[in-house]
Amino acid sequence: MPGGRYYIETYGCSLAEFDTSVMEYMLEREGFERVHSIGDADYVIVNTCAVRLDTEQRIAERLQEIRSMYPNVKLVVAGCLVKARPGLVARVAPGASMISPQNVHRVVEAIRALESGSRLVALDGVRDTSFIPLKPSGVTATIMVQEGCLGDCSFCITKIARRQVKSYPPRLVVEAVEKLVGMGVVEIRLTGLDTAVYGVDLPGRPSIADLINMILDRVEGDYRLRIGMMTPEMAMEIVDDLLEAYGDERVYKYFHIPVQSGDDRVLRLMNRGYTVDEYKWLHSKIKTRYPEAMIATDIIVGHPGEDEEAFENTVKLVRELKFEKVHIAQYTIRPHTRAAAMKQVPDPVKKARSSRLARVAEEIGYQAMSRYKGEVVEAIVVEWGFREGSLVGRLNNYTPVVVTGNGDLLGSKVRVRVKDNTFFDLRGDILEVVRPPKIAYSRERPCTLKMHFEY
């Protein structure tokens, strides 16, 4: 049976981005053609996210809109919301095929079911880790190295959608990186729900540090690895090996380690597996070895049980550790989680606290970025900027620097004089192209995915 034209929207984190690449790979292998307008599509795939209530509501509204405006397209709903809230998806998109994150490799089957007047509902199963799709986005690529976590946080619905730890074999990851670098990719993002638990399910239990070393030993070239989110308690177990692996210049000195709260009582309510002092120890360990490292963190404001004292402790921690990047989220109730049954913090209080913490984080971020002003830095140009005619380069600690240019510069290494900054990036002028891109890329901006979160 010949393929048709498909349109896909992606909501969520880099894991969802990877799942989209799996579906693209499976569809295009069967002769399907991707289009960038629903009006041109025979099939619409919506890859969903469940991490926050507002995202869930936005996706539900979008599914209803698609059904109303494009009644003739065949609809497949994939991703975390399918696994975590199957009843909701069935209500807002009746008749759609539904595939959980572990079943994205069955997307062609989901479409074939719709063509036959039926539908596929695949909620259970184990992720297929026998292949890794090579779907770079320009000069960057994302590889999911593991799915699942060992934690049981009281606020988290993602554990329902991606519970079982399943790691991709090191050989497959290394081969994928080698091929991507050969294709001209200069930034490879190794992502997972908790990359620090990579390998616990594999023979010999190779760690993420072992995986990094395998890649560096096997794959030559001027590329960079960005390692995804790690939970603090699991990162502590491998930190010495991890810091050794980060010593290679091909690894960004970037650590995404969510603290979530600066108060021990709230951390216990969250069922996080560490104390504030333990997190400080981990932070100090990283900064002692790599003072220039960027440590990104996540903080939930207004989790049940957070009083004014607990919130002030979080503000104090942010000021003390001076995080280079802070993602602040107001707590939202997620069904089937323990925190949903706890006494809730009023919305106006959450909003006020979130605004205050954001001001503190922005002040600290601005100070961190200001130290680069007037300096000449080296960066690898990896993606388009938000404004027309702008590109984003990354320093060795993943600090973004915005420069003026076109697609000819994607993949190049440049020297930049920093002339200005915001609290989250640098702005500068290119002085010299140190290394041109390996492969020429289009000057045109690609059609982008709808990304909201980062792992």
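Any read-out appearing in this document is the output of simple, stated calculations on the displayed coordinates, not a laboratory observation. Keep in mind the model is a prediction, meaning the values are calculated, not measured. Glycine gets a Cβ as well: all are built from the backbone with ideal geometry, and neighbour counts include every protein chain shown.
Points to keep in mind about this one:
- Net charge of neighbours whose Cβ lies under 12 Å from the Cβ of Arg415, counting Lys and Arg as +1 and Asp and Glu as -1: -1
- Calculation over all alpha carbon pairs of the range 376-435 in 10 angstrom steps from 0 returns a P(r) of 27, 64, 9 percent.
- Length-normalised contact order of the range 1-137 in % [C-alpha pairs under 8 Å, at least 6 apart]: 23 percent
- Helical mean residue ellipticity (222 nm; -39500 (n - 2.57) per DSSP H run of 4+; nearest 500) of the chain: -10500 deg cm²/dmol
- Restricting the calculation to alpha carbons of the chain gives Rg and Dmax of 21.9, 64 angstrom.
- The range 140-370 gives an Rg/Rh value of 0.98, both radii derived from C-alpha positions and Rh following Kirkwood.
- Built amide H within the under 5 Å cut-off of Ala78, gap 5+: Val46, Asn47, Thr48, Ile99
- Other residues lying with their Cβ under 13 Å from the Cβ of Val185 contribute a combined charge of +3, Lys and Arg counting +1, Asp and Glu -1.
- Shape call, the range 299-340: gyration tensor on alpha carbons, a/c limit 1.5: oblate
- Chymotrypsin sites (Phe, Trp or Tyr not before Pro) restricted to the range 315-379 and DSSP loop, no more than 11 other C-beta within 10 Å: none
- Take the Cα of Lys285, step 7 Å toward its Cβ, do the same at Arg415, and the gap between the two points is 3.8 nm.
- For the range 354-395, fraction of C-alpha pairs farther apart than 13 Å, in %: 69 percent
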